[in-house]
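The values are calculated or read from the model by the stated rules, or taken from the named source; none is laboratory data. Treat the numbers as computed from the prediction; the structure is a model and nothing was measured. Cβ placement follows ideal geometry from the backbone for every residue including glycine, while neighbour counts extend to all protein chains displayed.
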Amino acid sequence: MDSSDSEKRKSLISAADVVISMLPAFLHPVVAKDCLDLGKHFFTASYESEELRTIKPDIEAKGLLFLNECGLDPGIDHMSAMKIIHEASAKGEKILSFKSYCGGLLAPESEDNPWKYKFTWNPRNVVLAGQGASRYIEKGELKFVPYHRLFKRLETINFPGLGDFDGYPNRDSLSYRQVYELENIPTMLRGTLRRAGFCKAWDIFVQLGMTDDSFQMEMPVNSTLRQFLNAFLPYHAELNVEEKLAEAIPDLDFPDFEKIQWLGFF
């Protein structure tokens, strides 16, 4: 059904006890307001939005349960974090550092492309992930990572038997200090995991501006991916696209080139 068809949407919701919205995040408030009107419990895997926070008094007044962040990340990571935190608290231990890394990763036997990655969520959000500054605290020092530096600020995370992964800061880690009851902790970082090498190659698109959705591009009809890539590179009478890319990205290496080639840009 078309989720913008309010009549069909409300008919579907009214027949349910619990509504789990797997729509893109910007559509959750539409469904949530229907659930509020119709007295239905509401769940999503998405981050809790300010728009949903504003209707909290109305939700509580109706005795409804609206639960966000109950997927993998955010979700299972929260639950496993609280399990560890509560166990430490029960032993009278003091937590000085909390670092949590999570990501929609593939089983090793499914890593059959150079990126060792596949879409497990909204593809548009994969492209836009990391926009805005990420922030965390490290040994009492506040750290802010703007978008153009995000995929360079990496920590190598190794799992025995699986190898290396890139870990990078995920959005606003500081907002979870209160939620996790770790208000005064000197180190708090929530991070995202990707296979080693993913971030270096992805950063090429970020540096060129190819992941910027703040402007409208008017490419000729039937333009190729090669032409799209070339639109972000300077004109040169003699160099081809590959050579211009290598000139624009001095540390471009073969694994990076292989990943971009696999996506069809050459």
Residue check for Leu239: assigned to a loop (DSSP other than H, G, I, E, B), at pLDDT 95 or above and surrounded by 13 or more Cβ atoms within 10 Å (Cβ to Cβ): yes
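One line per residue, one yes/no per condition, for (1) free of Cβ contacts under 8 Å to residues at least 40 places away in the same chain; (2) closer than 28 Å to Gly132 by Cα; (3) surrounded by 16 or more Cβ atoms within 10 Å (Cβ to Cβ):
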{"residue": "Ala201", "(1), (2), (3)": "no, yes, yes"}
{"residue": "Phe228", "(1), (2), (3)": "yes, yes, no"}
{"residue": "Pro234", "(1), (2), (3)": "yes, yes, no"}
{"residue": "Phe254", "(1), (2), (3)": "yes, no, no"}
Filter segment 203-218 down to residues that are surrounded by fewer than 16 Cβ atoms within 10 Å (Cβ to Cβ) and either more than 22 Å from Asn125 (Cα to Cα) or of a type in the set (Asp, Glu) (or both), then give me how many there are. 3
Output for segment 149-170, where each listed residue is of a type outside the set (D, E, K, R) and either in a strand (DSSP E or B) or within 15 Å of the chain's Cα centre (by Cα) (or both): Leu150, Phe151, Thr156, Ile157, Asn158, Phe159, Gly163, Phe165, Gly167, Tyr168, Pro169, Asn170
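For segment 62-105, how many residues meet the condition of being assigned to a strand (DSSP E or B) and out of contact with any helix residue (DSSP H, G or I) (no Cβ under 7 Å at 6 or more places or on another chain)? Explain how you work it out, then say what you get.
Filtering segment 62-105 down to residues assigned to a strand (DSSP E or B) leaves 66-67, 71, 75, 97-102.
Subset that is out of contact with any helix residue (DSSP H, G or I) (no Cβ under 7 Å at 6 or more places or on another chain): 67, 71, 75, 97-99, 101.
Looking only at that region, the number is 7.
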Taking segment 206-226 as the search range and keeping residues that are touching a residue at least 24 places away in the same chain (Cβ under 8 Å) and touching a Leu at 6+ places or on another chain (Cβ under 9 Å), which one is nearest to Leu263 (Cα to Cα)? Leu225
